[in-house]
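Notes follow once the structure below has been shown.
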Amino acid sequence: MDKVTYKIDDLAYFRALLSNEPELTQEDIDAILDAAEPFKAVYVLYGKMGHIAQYAFLYDETGEKLRRELLNGYQKGVVLCDCNRHFEGAPMEGGDAPTGVVDIIYEEVDDIA
């Protein structure tokens, strides 16, 4: 079974993305992102690449479980959905990588822990 861990830090993701825009200064980027509420989390999916067997676990940056129903529309509808699409091999909002994700760890496991 595949285990894929998505490390989410949307402000770091967008900072890196915006840094590639030559017309934006660091001050411009700071102004854009200062008003944003950060979303840092770890999202773990299990299954066989192309098919999610279980949504598994969602944690905040301190390791506490997050309840999906408390997330806002962007967090659920863009970030987590992009992770699901990535796992399933479908096109994502973020292009080649899931929106907001700064690291992806692939593992092969015998069972869901």
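The values are calculated or read from the model by the stated rules, or taken from the named source; none is laboratory data. Keep in mind that this is a model prediction, so the values were computed, not measured. Positions of Cβ are generated from backbone atoms using ideal geometry, with glycine treated the same way; all protein chains shown enter the neighbour counts.
Please go through the range 90-113 and give me each residue that is at positive phi and more than 11 Å from the chain's Cα centre (by Cα), ordered by number. Give the steps one after another, and end with the answer.
Residues of the range 90-113 at positive phi: 95, 100.
Correct list: 95 only.
Only one of 87, 57 is touching a Leu at 6+ places or on another chain (Cβ under 8 Å), surrounded by 14 or more Cβ atoms within 10 Å (Cβ to Cβ) and at negative phi; which? Lay out the reasoning, then the answer.
On the way: 57 fails: touching a Leu at 6+ places or on another chain (Cβ under 8 Å).
87 is the lone residue from the list that is touching a Leu at 6+ places or on another chain (Cβ under 8 Å), surrounded by 14 or more Cβ atoms within 10 Å (Cβ to Cβ) and at negative phi.
Among the candidates 36, 16, 56, single out the residue that is at pLDDT below 90, of a type in the set (Gly, Ala, Ser) and within 18 Å of residue 99 (Cβ to Cβ). Walk me through how you get there before you give the answer.
Values: 16 fails: at pLDDT below 90; 56 fails: within 18 Å of residue 99 (Cβ to Cβ).
Unique residue meeting the criteria: 36.
Filtering the range 40-54 to residues that are surrounded by 13 or more Cβ atoms within 10 Å (Cβ to Cβ) and not aliphatic (A, V, I, L, M) leaves 40, 43, 46, 47.
This table checks each residue for (1) free of Cβ contacts under 8 Å to residues at least 60 places away in the same chain; (2) in contact with a Phe, Trp or Tyr (Cβ under 6 Å, 6 or more places away or on another chain); (3) among the hydrophobic types (A, V, I, L, M, F, W, C).
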position	(1), (2), (3)
25	yes, no, no
29	yes, no, yes
58	yes, yes, yes
63	yes, no, no
69	yes, no, no
88	yes, no, no
108	no, no, no
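Across the range 10-38, the qualifying residues are those that are among the hydrophobic types (A, V, I, L, M, F, W, C) and more than 19 Å from the chain's Cα centre (by Cα), and the one among them that is farthest from residue 60 (Cα to Cα) is 24. Of the numbered criteria (1) out of contact with any Ser or Thr (no Cβ under 7 Å at 6 or more places or on another chain); (2) surrounded by 12 or more Cβ atoms within 10 Å (Cβ to Cβ); (3) not in a helix (DSSP H, G or I), the one residue 62 fails is (2). Picking from residues in the range 1-22 that are among the polar types (S, T, N, Q) and farther than 23 Å from residue 45 by Cβ, the one that is surrounded by the fewest Cβ atoms within 10 Å (Cβ to Cβ) is 20.
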